[in-house]
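What follows is a short report on a single structure.
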Amino acid sequence: MESMQPPHKVVDRHFSAPPGKVGLLYGEKRVYSLGMLITAEMLMHTRSVVFVDGANRVDPYLLARLARLRRIDPYSFLERAYVTRAYTFYQMDVSITDGLTEFVRGVGSRVVIVYGPIDLLDDDQVPAADAAEILRRVHGTLAQLKGSGVSTLLVSSFPRFRLKERERFFDTVRDMSDVQYRLERRTDRHHIILEEHHDGKDHADRDHAHPVRREQLVAVPPGIAERRPGRP
Amino acid sequence: MTVTGWLFDAYATEHGATVWLIDVDGRRHRLRYPFRPAFYMNLTKDEERFLHSVRGRLPGEVALRRVSKRQLYSRAAVEVLEVSVQNPLLFQRTVHALSKHFNFYKFYGADIKAMQLFYYTTRLFPLAYGEYETEGETLTRWTLLDEPGSDRYDVPDLTVMTMTPSMKLFAPKYQRSLEIEIAVDGVTRVLQQSDPLELLQQVDHYLRRYDPDILLTEYGDASLLPLLASLAQQHRFPLALNRDPEAPYITTKPVSYFSYGSIKHRDGVFELAGRWHLDKENSFIMGEADLEGLYDLSRLSQIGVQHQARTSIGSALSSMQIAWAYRNDVLVPYKRPVKEAFKSFATLLKADRGGLHFMPPKGYHEEVAELDFASMYPSLMRNHNISSETIDCVCCPDAKHRVPELGYRLCEKHTGFIPATLEPILRKRAKYKQMKKNAPTEELRRKYDRMQTGLKWILVTCFGYLGFKKSRMGRIEAHESVNAFAREGLLRAKEIAEAEGFTLVHAIVDCVWLKKEGAVRADYERLAERIGAEVGVRISLEGIYRWILFPASKMDDDIPTATRYVGVYDTGEMKVRGLEVRRRDTTKYVKRMQNEMLAVLARGRSIAEVRALVPDALGVVRSFAEELRRGSVSPFDLVVRRHISKDPYEYANRSVNAVVSQALAEAGVQLSAGESVEYIITDASGKRDPQKAKPLALYALDDGYDAAKYTEMLCDAAETLLGPFGWTKERIREMLDPVTVKRPAGRAAARRAAKERQLSLVLR
């Protein structure tokens with residue numbers, strides 16, 4: 001189904017209600033800019049958004065610009081978005097499993113966005129056994145957040161693993177999520193494809209959840225500028 | 001028995017460590033030391049019971065005991081299980097076996113090399129002078145008469161034998177047959193290569209006859225020693241490379257790895273037991289600081305001399321930090337680093353910034369003075385007690401000492417491990433600089449210069465290492481804090497200077513370029529004193545320039561660059577940074593031309609005089625271009641050196657790097673990503689010759705070179721210096737060949753067009 005609705009609004013609307021789910025947004029590299037657009041949309045109606053940035057793509061300048069486009073004081077957005085950055089998968093582990101739940105509760109946020117949960121896996125200094133253990137622990141924390149009504153959106157570019165044996169971890173991350181959105185370029189436009197949507201039950205019940213498969217195409221305007229963080 | 005002398009070498013064996021001492025009479029002693037490396041685990045009672053149950057299935061015997069240690073960040077005491085491995089050679093295998101049963105975050109200090117644990121736990125260090133007690137062949141105890149931070153120490157007389165390929169033009173991997181040259185005792189000999197066994201016998205003869213302490217090689221790691229060891233194995237020849245006949249060689253394989261967005265290559269390692277193998281081609285620190293700097297660094301870092309020669313400066317710093325942790329009973333984190341505290345995007349905007357730059361107006365300036373802060377970043381770390389565990393520490397909730405702009409608290413009760421580690425280095429370096437200044441002979445002056453250079457590199461590295469993702473004791477907030485203090489310091493320097501009537505021309509992080517009509521040396525020195533006193537970091541006058549040039553950016557000719565400049569001091573000395581003449585990727589020929597141009601321009605004492613010298617400088621360009629056109633330039637001066645980012649057959653395009661690395665691979669030279677290739681461009685366009693360039697190793701004189709391409713390079717380098725006088729590279733090219741040269745758009749123009757296209761992209 002083609003829609004001319006802005007994609008970030010679609011994802012925001014689809015993802016934000018009901019609360020307490022895990023989503024995966026992945027696709028070509030503009031996915032991180034789209035993540036910032038979604039954040040801006042969320043900040044219009046939620047108290048705060050908490051980021052764990054494993055891709056080094058969180059962009060306060062873009063968020064400030066998006067606030068201005070909405071005729072909102074940029075600081076009102078910048079003060080309500082929080083971030084911790086992770087540069088290795090071990091840091092990602094600590095950032096999520098050690099204190100995230102408490103921080104989210106403290107700032108009263110209902111949304112966590114994790115950038116690059118898959119990107120950091122392509123590191124031969126993280127043994128596969130450690131990676132699997134970290135994913136298990138991360139899954140535990142996300143389930144805990146979900147249980148308390150906090151939604152987590154995992155955002156990742158298309159997984160292109162140098163270490164081929166790590167590709168299976170993408171499936172592990174997919175399996176953590178109740179809903180997956182794929183950003184794809186078709187002809188001259190970007191589309192968001194809703195790949196799979198479960199009925200919101202916990203992963204423990206996943207085999208019985210009868211996932212609903214449907215494809216929803218949303219055209220993304222070509223103007224989502226691909227920007228590097230740190231550029232005003 | 002007491003041996004008075006120096007600790008020369010130490011390596012792990014199945015019974016502990018083998019330690020080599022050299023006594024004051026020059027005798028070598030091989031001793032055993034019963035050493036058991038240990039790591040720590042933080043386990044629950046159930047997990048501990050489980051560990052006891054799997055103990056018998058571990059690769060080697062372990063001893064377990066509960067000990068009390070402190071956590072690094074919280075300083076809290078914690079009871080952990082110490083796991084001592086009876087056979088040090090099985091240390092890593094034991095960790096590996098246990099990590100199958102226990103999660104990685106249960107371990108502490110488990111990825112430290114056994115021999116490093118030897119140094120940390122015994123507090124010995126390479127070249128430590130002391131009285132060593134022995135019983136038979138066992139080292140029992142010692143009294144050190146020396147300390148790692150000492151700035152006056154003796155080293156034993158070490159015998160050196162050099163071993164190099166006799167053909168120096170190419171690295172051995174490019175040579176079909178290798179001829180080895182040995183120099184010892186003042187005599188150089190080229191060894192006969194016709195028969196491998198004969199070669200081995202000759203090498204062995206010299207090794208046994210001279211029994212050198214140091215085998216100093218070129219390409220020893222990558223080629224010479226692996227070749228000799230392999231020949232010895234093939235011919236079952238007992239080659240005495242090791243002084244210890246019972247010990248194996250310590251070898252690693254070459255690796256290609258990613259670092260800061262580019263592929264790097266590291267040669268394998270070939271270390272010896274009981275003597276040092278030092279490879280000049282595989283040692284950054286020896287290139288910078290020679291043997292004296294290496295010894296000094298090795299003593300401070302407690303890393304064996306052979307290993308220190310090959311490892312990074314960051315590893316030396318890391319080792320000093322770990323040594324601090326062991327001295328203070330602090331647990332060393334294993335894999336699990338400290339996380340960054342959550343911060344709002346607004347705070348991130350303030351915190352995630354580097355040092356301050358004030359861009360200079362591009363072009364030539366005159367009568368400008370440069371003032372440099374001395375070791376600014378490490379000094380700030382020491383002065384403000386900036387360390388991973390001192391930021392927002394639990395013990396000082398009301399600390400008054402705060403980071404500017406960011407408000408992070410700084411511990412007021414305990415000295416952090418980073419300032420504690422840096423203090424002796426800063427002190428020692430200042431002392432060496434003083435000793436260099438007062439040295440009675442040129443030889444001593446050079447020696448102290450090399451020693452201070454070795455330490456300089458640690459100070460250069462220490463700040464970056466705080467934010468390095470793999471630094472096990474780093475912390476991003478500490479990194480941000482140093483930058484915040486540095487920005488404040490630079491701003492304060494600017495304010496003071498401007499209040500005193502100086503104009504800021506340029507500033508980069510820890511240097512300022514200032515100007516004031518009629519100001520003399522004494523005025524700048526007075527200013528430096530005042531800035532130093534207020535900022536708390538010493539700043540000194542580097543010099544006053546007659547003229548200084550800040551050239552335009554090569555990417556966009558509308559803007560200047562911060563780190564590329566050239567200037568001539570009032571003493572006549574020249575300082576060049578970042579220009580072609582300093583770059584490793586510039587050909588010798590272009591460097592020579594730019595050097596000659598600079599020599600011409602340096603005659604000018606003012607901008608007006610420099611302008612008057614432009615025709616002479618253009619004459620230099622013309623003569624170099626004519627020589628190129630005549631075909632009389634030595635191809636060796638035209639060699640281009642580049643790193644390849646992929647293995648040769650992974651390239652999907654026909655770039656010069658691709659064709660050159662593939663040509664080499666076809667000739668039997670194995671190259672890996674990150675290695676460098678050297679070539680001569682024969683036809684950059686690939687229209688006449690699809691090969692585009694010839695690797696230096698396969699080059700024949702009749703291959704010729706692409707004169708037009710090399711002329712382009714000359715024009716580029718000439719534009720850097722003459723651009724401010726209107727001599728763009730297009731105009732210079734036209735001057736060289738007004739008939740045939742077409743005026744292409746140029747890179748800068750293309751950039752401008754691309755920028756305009758980008759600007760038209762708006763976020764809808």
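For the reader, a short list of remarks on this structure follows.
- Under 15 Å from the B:THR503 label point (7 Å along Cα→beta-carbon), backbone N, region B:603-635: B:607
- Hydrophobic, long helices, defined as DSSP H runs whose alpha-carbon span along the helix axis is 27 Å or greater and whose mean Kyte-Doolittle value is at least -1.0, occur in chain B at B:417-438, B:442-467, B:476-499.
- Within 10 Å of the Cβ of each residue in A:93-102, the mean number of Cβ atoms contributed by other protein chains is 3.
- Long-range amide H partners of A:LEU153 with built H, under 5 Å: A:GLY23, A:VAL112, A:ILE113, A:VAL114
- Two-site label geometry, B:ASP329 and A:PHE161: point separation in nm, points 7 Å out along Cα→Cβ: 4.5
- Cross-link pairs B:LYS362/B:LYS554; B:LYS362/B:LYS515; B:LYS433/B:LYS494; B:LYS280/B:LYS437 - those with Cα-Cα distance over 18 Å: B:LYS433/B:LYS494; B:LYS280/B:LYS437
- Separation between Cα centres of region B:458-520 and region A:105-149, rounded to whole Å: 37
- Whole-number accessible area per residue in Å² for the protein assembly as shown, which is evaluated in the context of all protein chains at 1.4 Å: 45
- Backbone HN-Hα couplings from phi across region A:151-167 [Karplus 6.51/-1.76/1.60, Hz, Gly and Pro as x]: 8, 10, 10, 8, 10, 8, 6, 3, x, 10, 7, 6, 8, 4, 5, 7, 4
- Relative contact order (%) - chain B, alpha-carbon pairs under 8 angstrom, separation at least six: 10
- For B:LYS106, the aspartates and glutamates whose Cα comes closer than 17 Å to its Cα, not counting residues fewer than 8 places off in the same chain, are A:ASP93, A:ASP98, A:ASP130, A:GLU133, B:ASP46, B:GLU47, B:GLU48, B:GLU79, B:GLU82.
- Subset of A:LYS164/B:LYS343; B:LYS516/B:LYS575; B:LYS413/B:LYS436; A:LYS164/B:LYS470; A:LYS21/A:LYS164; B:LYS436/B:LYS469 violating a 31 Å alpha-carbon distance limit: A:LYS164/B:LYS343; B:LYS413/B:LYS436; B:LYS436/B:LYS469
- From the alpha carbon centroid of region B:178-216 to that of region A:19-72 is 66 Å.
- Label-to-label distance for B:ARG75 and B:GLU443 is 5.0 nm, based on points extended 7 Å past Cα in the beta-carbon direction.
- For region B:357-578, relative contact order (Cα pairs under 8 Å, six or more residues apart, normalised by length) works out to 32 percent.
- Rounded to the nearest 20 debye, the dipole magnitude of region B:357-578 is 1160 debye, with +1 charges on Lys and Arg beta carbons, -1 on Asp and Glu beta carbons, and the Cα centre as origin.
- Förster radius 60 Å - calculated FRET efficiency between B:SER540 and B:ASP185 (Cβ-Cβ, nearest 0.05): 0.85
- Computed from label points 7 Å out along Cα-Cβ, the spacing between B:SER194 and B:ARG654 is 4.7 nm.
- Chains A and B, summed buried accessible surface - 1.4 Å probe, Å², nearest 100: 3200
- Antiparallel DSSP beta bridges within the protein assembly as shown, as percent of all bridges there, nearest 5: 75
- A straight chain from B:MET359 to B:GLU246 at 0.36 nm per residue would run longer than the Cα-Cα distance by 34.5 nm.
- List A:THR152, B:THR711, ordered by accessible area with a 1.4 Å probe, largest first: B:THR711, A:THR152
- Probe 1.4 Å - accessible area at B:ASP46, Å² to nearest ten: 100
- HN-Hα J in Hz across region B:536-546 - Karplus 6.51, -1.76, 1.60, θ = phi - 60°, x for Gly and Pro: x, 10, 5, 10, 10, 7, 7, x, 10, 8, 5
- By the rule of a second cysteine Cβ within less than 4.7 angstrom, chain B holds isolated cysteines at B:CYS395, B:CYS396, B:CYS462, B:CYS511, B:CYS715.
- Dipole-positive endmost among B:ALA76, A:THR46, B:SER553 within the protein assembly as shown (Cβ charges, Cα centre): A:THR46
- Anisotropy class of chain B from Cα gyration tensor, a/c 1.5 cut: oblate
- Whole-angstrom gap from region B:137-151 to region B:561-595, using each part's C-alpha centre: 47
- Note on region B:600-761: dipole from Cβ charges, positive end direction compared against B:THR682, B:ALA658, B:MET735; the farthest Cα belongs to B:MET735.
- CD proxy at 222 nm, helix term only [per DSSP H run n ≥ 4: -39500 (n - 2.57); per residue of chain B; nearest 500]: -11500 deg cm²/dmol
- Rounded to 0.05, the FRET efficiency of the B:PHE636 and A:ARG47 pair, given R0 = 45 Å and the Cβ-Cβ distance, is 0.10.
- Shape call, the protein assembly as shown: gyration tensor on alpha carbons, a/c limit 1.5: rounded
- FRET efficiency, 1/(1 + (r/R0)^6) with R0 30 Å, evaluated for B:ALA522 and B:ARG492 via beta carbons: 0.85
- Accessible surface of B:ASP211 - all protein chains present, 1.4 Å probe, nearest 10 Å²: 60
- Percent carbon-and-sulfur accessible area, the protein assembly as shown, ignoring ligands, DNA and RNA, probe 1.4 Å: 49
- The count of lysine pairs in region B:600-761 that are at least 8 places apart or cross chains, and whose C-alpha atoms lie under 23 Å apart, stands at 11.
The values are calculated or read from the model by the stated rules, or taken from the named source; none is laboratory data. Just so it is clear, the model here is predicted, and its values are computed rather than measured. Here the Cβ is made from the backbone with ideal geometry for all residues, glycine too, and neighbour counts use every protein chain on show. The protein model used for the area step is the full one, side chains on, heavy atoms only, and it has no ligands, DNA or RNA in it. Shrake-Rupley method; radii C 1.70, N 1.55, O 1.52, S 1.80 Å.
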